[in-house]
Amino acid sequence: MGWVSEEQKQADNRARATTDELRAFIREDWAPRRPTVTGPSPAAAPAAARRAVLSAAYPKQRLVVPAGGLKVRSNDTDYVFRPHTAFAYLTGLGADREPDAVLVLEPLEDGGHEAVLYFRPLADRDSDEFFADARYGEFWVGARPTLEDVELELGLTARHVDGLVDAVAKDAGEVTVRVVRDADHELTARLDAARVANGAAEEGLQESDDALAHEVSLMRLCKDDYEVEQMREAVAATHEGFEAMIAALPDAVGDPRGERWLEGTFGLTARHRGNGVGYDSICAAGDHANTLHWIKNTGEVTAGELVLIDAGVEVDSLYTADITRTLPVDGTYTDAQREVYDAVYAAQQAGIAAVKPGNKFSDVHAAAIRVIAEHLHAWGLLPEGVSVEDSLDKEHGQYHRRWMVHGTSHHLGLDVHDCALATREEYMDAELRPGMVLTVEPGLYFKSDDLKAPERFRGIGVRIEDDVLVTEDGCENLSDAMPRSSEDVEAWVRRVQGR
Ligand code: GLY
Ligand code: MN
Ligand code: MN
């Protein structure tokens, strides 16, 4: 099974004969197609509103936003397709939609833009693609939408992708054309060549293009109502996935790959409720919690230890949650675990309290890390004579970061680390605004071989992570329904496990 890679064409070891008789036979006697799209997608109107914002920012310029193509996983097998984030944001298309498609905002004479989606529409049944193309053909991967389907679904103009390069580059000497370059490198190279051939200056092309990608990244900092609703769904599905893992904990204990059992349990919910996981789940039992990106998940889950689980469901529109809970494997924190846990919880409370309009993004980290530093100081872990203020000094201190090397927050949305192209001024140093969604995720990590840590803390790693929406006068913790304090987590485990 699969499409035929170049390597396989050389080897020719799985070639199938296609006769004229088969071609004729396979084309006939199919019932009329039933419509697959019956009306506009709920994502269509918000995507149109976003395009209008971009249109106003680039009058009289042609804007090109590719979805990207299929990516080979091995030989003739592709990864599940995920469109580039800028494309998903500006079209409203999500899971598995639409390989090789390109959104073009075509400038209009009297202002504004026409949105045109170039894509590979459903091939007729009398084409070879219909039955013989394992990468795109209907027999192999199912029917794609028609041009009419997409026009109805998204409320824009749809055209065949074959006309794309000419349409984009035809007058590139007169009209500024900007391309989101990162989405499809091969297409970008073709568009570069075509733009230059049609009179565009090669110099400065990249900078001009990069400004467009940057602008879309910035637009995504504040979520619209539809996006917030999608985030709520992602969080609700993630909540369900965590409860499935809590219910599965007793089965994971003692299994040599208990962490994988938890990962798979979450993955089932993620795939069932949404498109899948928004990033590889971290299921880190015991000392593994101290490896920040522990995604191998190959370890045992042992009674008496903690298991740190950092996981998020990505819904079909591609918005993802990003939530961490650190659970006592047998339902009760030991004294030492609780001491660390409660410190992290206090830091998180302080961080969440700092999420409000007018505060800077970096204030959230400042509030949380101060509480972390205070606890480390009280435990006597900072160097002799170093005060909390000394340690918080950015130029000469920062000793506390030995036990929390990561930041407290990041923007969250279509990408788990969202709005990646915003600059420091636009991100860290910027004021929080209503509609922003960020994580608040302090932690403390005491490796089992950390000789500066008290023995009772060694091997304990705790992170608590929630997804928080900035509101007009403060914030709403979107994942507030998932218990967080040590007592509430213990009660949660008991309730979900029915004991
Ligand atoms: N799960 C990755 C993060 O928390 O940023
Ligand atoms: Mn996380
Ligand atoms: Mn995170």
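Just so you know, all these numbers are worked out from the coordinates, no wet-lab data involved. Everything quoted here is computed from the prediction, not taken from an experiment. Here Cβ is always computed from backbone atoms with ideal geometry, including for glycine, and neighbour counts include all displayed protein chains.
Provide the percentage of antiparallel DSSP beta bridges, counting only those with both residues in the chain; round to the nearest 5.
In the chain, DSSP labels about 85 percent of beta bridges as antiparallel.
Using only alpha carbon pairs under 8 Å that are at least six residues apart, calculate the relative contact order of the chain and give it in whole percent.
12 percent
Please enumerate, by chain and number, the aspartates and glutamates with C-alpha under 13 Å from the C-alpha of Lys447, excluding those fewer than 8 residues away in the same chain.
Asp287, Glu455
Which of the GluC sites (Glu not before Pro) found in segment 338-425 are in a DSSP loop and have at most 12 neighbouring Cβ atoms, other than their own, within 10 Å?
Details: sites: Glu339, Glu374, Glu384, Glu389, Glu395, Glu425; in loops: Glu384, Glu395, Glu425.
Answer in residue order: Glu384, Glu395, Glu425.
Could you work out the mean projected area of the convex hull around the alpha carbons of the chain, in square nanometres to one decimal?
Across all orientations, the chain yields a mean hull projection of 29.1 nm².
May I ask you to evaluate 6.51 cos²θ - 1.76 cosθ + 1.60, the Karplus curve with θ = phi - 60°, for each residue of segment 42-58 and list the ³J(HN,Hα) values in order in whole Hz, giving x for glycine and proline?
For segment 42-58, the Karplus-derived couplings read x, 7, 5, 5, x, 5, 5, 5, 5, 4, 5, 5, 5, 4, 5, 7, 10 Hz, x marking Gly and Pro.
For segment 362-482, what's the radius of gyration and Dmax over Cα atoms, in angstrom?
Using the Cα atoms of segment 362-482, the pair Rg, Dmax is 16.1, 46 Å.
What does the highest-first list of 485-493, 92-100 look like by mean Cβ count within 10 Å?
92-100, 485-493
Give me a comma-separated list of calculated 3J(HN,Hα) values for segment 470-478, in order, Karplus coefficients 6.51, -1.76, 1.60 applied at θ = phi - 60°, integers in Hz, x for any Gly or Pro.
After applying 6.51 cos²θ - 1.76 cosθ + 1.60, I find 6, 10, 4, 10, x, 7, 10, 7, 5 Hz.
Give the cross-link partners of Lys170 among the lysines, using a straight C-alpha distance below 26 Å as the criterion and excluding same-chain residues fewer than 8 apart.
Leaving aside lysines fewer than 8 places away in the same chain, those within reach of Lys170 are Lys60.
Just tell me which lysines come within less than 20 Å, Cα to Cα, of Lys394; anything on the same chain fewer than 8 places away is out.
Result set, ordered by chain and number: Lys360.
With θ set to phi - 60° and the Karplus curve 6.51 cos²θ - 1.76 cosθ + 1.60, what are the ³J(HN,Hα) couplings of segment 241-251 in order, to the nearest whole Hz, using x for Gly and Pro?
x, 5, 5, 5, 5, 4, 5, 8, 3, x, 6
Using amide H atoms built in the peptide plane, which far-off residues or other-chain residues are under 5 Å from Ala158 H to H?
Residues meeting the amide H criterion: Leu117.
So, by mean Cβ neighbours within 10 angstrom, what's the order for 204-211, 172-179 with the highest one leading? Intermediate results must be reported in sequence, preceding the final value.
Values: 204-211: 14.6, 172-179: 18.5.
With the highest mean Cβ count within 10 Å placed first, the list reads 172-179, 204-211.
Per residue of the chain, what 222 nm ellipticity follows from adding -39500 (n - 2.57) for every DSSP H run with n ≥ 4, rounded to the nearest 500? Please list the in-between numbers first.
Details: 16 runs with 182 residues, N = 499.
Helix-only estimate at 222 nm: -11000 deg cm²/dmol.
Send over the semi-axes of segment 161-202's equivalent ellipsoid, whole angstrom and largest first, taken as the square roots of 5 times the C-alpha gyration tensor eigenvalues. Write down the numbers at each step before the final one.
Values: eigenvalues 48, 27, 15 Å².
Each semi-axis is the square root of five times an eigenvalue, giving 15, 12, 9 Å.
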